[in-house]
Amino acid sequence: MKKLHQRHVSRRKGTYFKKSFVLILLIACIPGLLTGAGIYFFSAAKIENELQHLHKSQVGRQISQIDDKLEGLEIMLSQLAYDTRLMNGLAHTDLKTDFHTTYRLSKSLFMLQDQNPLIKQVELFIHDEQPQLLNPEYSGMTDRNALKVYDSLLSGKKNVYWKKWRGSSGDMALIHKIPGGISEPFGALILTVNKREMKHLLESLSPYSKGTALLLSRDQRAVSSANEGGKGNFESALKNRVKKKPNKDGSFFMKWKGENYSVSYGQMDRLGQEWTYASASPMSSITAPVLFLSKLVAAVSMAGIMLAVILTWYASHKIYSPVAKLIQLCSGEEKKTVSALGRDEFRWLEQRWEDMSKESGKLKKQMMTQMSQVTSGFFQRLLQGSFADESEQNLRNRLKGWGWEAKDKIFIIIDIQVTGLHERAGSFANEDEGLVNFMLDNITRELAGKTFKQMYITDVRSLSLAILLMSSRKTALKEEIAQFVRELTEMIHTFCRLHITATLSIPVSLVKDIPVIYEEVKAGKLYRQFENSSQLIDLNQLEEKAPSESYYPFALEKKVIQAIRLEEKDQAESLIKLFIQELAEKGKTEIRIQPGMIQLFARIQEEIFHSGLHPYELFDQKDLMRELAELREPSHAVVWMMERVVGPYLKELEGRNNRRQKLLVEQVLGMIHENYMNDLSLESCADEAGTNSYTLSKAFKQVTGINFIDYVTRMRIEKAKELLLETNKKIHDVSEEVGYRHSYFNRIFKKQVGIPPSRYRQIHQEPS
């Protein structure tokens, strides 16, 4: 009877489990079937329409950006064309001989070419009896076919226009005749657009790999294409469809080889020329996953119903106890049963609980680390203005999600800059910048954590960091900031002998203004006194002063350049130190001193150009302007100027001068050995060698150790000694053979040897 009762209970539990399981699976699967069918039959078309609308909006925004960039090219070229300083008198200027004008024009073309990645090349063509071309360097025009091409640019009535340059397959070019206006043009500026960069711009119109984008000129020629060389037939079909459309802009669907495309097209005005743009994005590749998902949902739901029948039959033969279920849940992927444990189930559950707690702790620690990184990324993007397009309310909601309740609060940013690292009095060496960055980060976070409640601290870069604060009490916050800066300054100076420049922004109440005050506080630290002392700059108290008279030590600049020309390294270093010291005394603030240092750097670069060297190669292709802008200490500025600029230049000059001097002296020595018996002078040898007497005299003395006259005299005396001892020629004849008159020969011989030539022959020819 007991066994029958247990069997009856087992059947009852199996029936209950069966009904519950079937009901749960039906509740779970039937909505899936309905959802899959709804997605399949109703959502696809709506998604296509929405995607077409989004595609049209995106194309409109991107084409507006492309239009602005092309308009920027037109403005930049017009500014250059109407620059009277460069263009006045250019029609009658011989660029081949007028090096100064050529240099200024080439420099302007190079600068324009480097200002915008869309510019591939800028050329200046001047039509004259001898046509001239700068591209950007000077080159003469000898090819008649090329000359015809450039002459054709001057025809027509338009002063500024776009043109396919060098054939139908060439790059698009912007032509600006010079001079502009009603005068007869004597030349033209040709700005060639970088085809690759233009292609990248058009790719933004069609972000999908299967799509394409076209930009057509007025005669329906392709200005540029996002997919050149791979989709010619498709692009031709797209061009014909757009051409047949009656409206200037719009959108439509287009089928091509089984693929459905959303096409948006329109026109843009370029200097009186109507350009047509078209963008095609594939719809099938976007809607296919949705259709597949709907089928998958329906199939899974059907499979779930079939599985319910099978599992119901299987589960009706099993009895699950609470302990077994708990063990199965806790065992994870192992899926152990009570019989498989081989020990006390509760002890196993206790041990398993401890293991799962440890795993949970590890996962929580990893999650906290990742959350810290995500938080830092959000606030960094906020400071950099990445959310400028979002509304104030959205930004406040974002902050609230990170635990910052921004309602009725103010925001202030503190910029902390460490100086004095390069001073000898400090505790760190120049190469310890990474250690100082680590120290600054830890000390600042510790002190700020004790002082402020709501804050974000950026990473340390170049001995500088920023702190974003949020508070509801403006007056109390300023007092807390002042106390924090004092403690930080004292601690940094006590432990490291370094100084702190703290720049305090103006308080703002809008989240959208945070990037603005962040840029202001970074620029505001340029108002620091250019001396190694701890300073607090409060932008709230920074008075608006009328521009005062600027100071620049031009006399010292000339002395510095002169010392560099004479290769006087120590003198140049002393003068640069005096130059920066005088700038610091007269300019006071960094914002006034930085332009003076940049001007000196530019003058040294100009001197390097004049010497025939290129700074880009001399300085190992490094961005020295960025390094110069980060200098914060006078002593470091002097060391930087010598080690990074003057030193490499003088070293290169020394090596080049040594090689040139050696070759020059070897050439002159050969001339002396061949012509010592003739009338020989320093000036004649210098003319023969293609240099001046001063350069030759200096090089001759440096290489041989004696001056030119002494060397010639010694050689002639030695040749005279040979003739006196080895021949019976008269002394008069000997003097003429070595290049001296007889009377002068006797005097110079006695001066060099100590006895007259006749006595010298007599002594050395007597039998020993």
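Within segment 489-523, being surrounded by 21 or more Cβ atoms within 10 Å (Cβ to Cβ) and over 30 Å from Lys400 (Cα atoms) holds for Ile492, Leu498, His499, Ile500, Thr501. Apart from one condition, Lys107 fits all of (1) among the basic types (Lys, Arg); (2) surrounded by 16 or more Cβ atoms within 10 Å (Cβ to Cβ); (3) not in a strand (DSSP E or B); the exception is (2). Selection of segment 570-602 for residues being among the charged types (D, E, K, R) and surrounded by fewer than 16 Cβ atoms within 10 Å (Cβ to Cβ) yields Asp570, Glu585, Lys586. Listed by first and then second residue, the pairs linking a residue in segment 689-700 that is free of Cβ contacts under 8 Å to residues at least 40 places away in the same chain to a residue that is in a loop (DSSP other than H, G, I, E, B), with Cβ atoms under 7 Å apart and 6 or more places separating them unless they lie on different chains, are Ser697/Asn707; Phe700/Asn707. Only one of these is under 28 Å from His200 (Cα atoms) and in contact (Cβ under 8 Å) with a residue 12 or more places away in the chain: Val122, Val149. Name it. On inspection, the qualifying residue turns out to be Val122. Taking the criterion of being over 30 Å from Arg461 (Cα atoms), without any contact (Cβ under 8 Å) to a residue 60 or more places away in the chain, of a type in the set (A, V, I, L, M, F, W, C) and in contact with a helix residue (DSSP H, G or I) (Cβ under 7 Å, 6 or more places away or on another chain), would at least one residue in segment 676-684 satisfy it? Scanning segment 676-684, I find at least one residue that is over 30 Å from Arg461 (Cα atoms), without any contact (Cβ under 8 Å) to a residue 60 or more places away in the chain, of a type in the set (A, V, I, L, M, F, W, C) and in contact with a helix residue (DSSP H, G or I) (Cβ under 7 Å, 6 or more places away or on another chain), so the answer is yes. Of the listed requirements (1) in a helix (DSSP H, G or I); (2) surrounded by 15 or more Cβ atoms within 10 Å (Cβ to Cβ); (3) among the basic types (Lys, Arg), Lys120 misses just one: (1). Go through the residues of segment 711-721 one by one and say whether even a single one is modelled with pLDDT under 90, of a type in the set (A, V, I, L, M) and within 60 Å of the chain's Cα centre (by Cα). Yes, the conditions are met somewhere in segment 711-721.
Of all residue pairs spaced 6 or more apart or on separate chains, none has beta-carbon atoms under 7 Å together with a first member in segment 185-197 that is outside the structural domain of Leu86 (by TED's automatic domain parsing) and charged (D, E, K, R) and a second member that is part of a loop (DSSP other than H, G, I, E, B) and modelled with pLDDT under 85. One residue alone among Ile506, Ile492, Ile537 is within 19 Å of Thr589 (Cβ to Cβ) and at pLDDT below 85, and that residue is Ile537.
Pairing residues of segment 607-618 that are over 16 Å from Val560 (Cα atoms) and among the basic types (Lys, Arg) with residues that are at pLDDT below 75 and part of a helix (DSSP H, G or I), at Cβ distances under 8 Å and at least 6 apart in sequence or on separate chains, gives no pairs at all.
Could you please let me know if Gly377 is within 30 Å of Glu405 (Cα to Cα) and under 34 Å from the mean Cα position of the chain (by Cα)? Criteria met by Gly377. Here the helices (runs of 4 or more DSSP H) wholly within segment 553-628 that include at least 2 residues being within 30 Å of Leu536 (Cβ to Cβ) and among the hydrophobic types (A, V, I, L, M, F, W, C) are 569-587, 590-610.
Can you spot a residue in segment 37-55 that is modelled with pLDDT of 75 or more, in a helix (DSSP H, G or I), under 52 Å from the mean Cα position of the chain (by Cα) and closer than 30 Å to Glu606 by Cα? No: segment 37-55 contains no residue that is modelled with pLDDT of 75 or more, in a helix (DSSP H, G or I), under 52 Å from the mean Cα position of the chain (by Cα) and closer than 30 Å to Glu606 by Cα.
Residues of segment 202-218 that are at pLDDT 75 or above and of a type in the set (A, V, I, L, M): Leu202, Ala213, Leu214, Leu215, Leu216.
The values are calculated or read from the model by the stated rules, or taken from the named source; none is laboratory data. It should be emphasised that the depicted structure is a prediction, and the values quoted were computed from it without experimental measurement. Glycine gets a Cβ as well: all are built from the backbone with ideal geometry, and neighbour counts include every protein chain shown.
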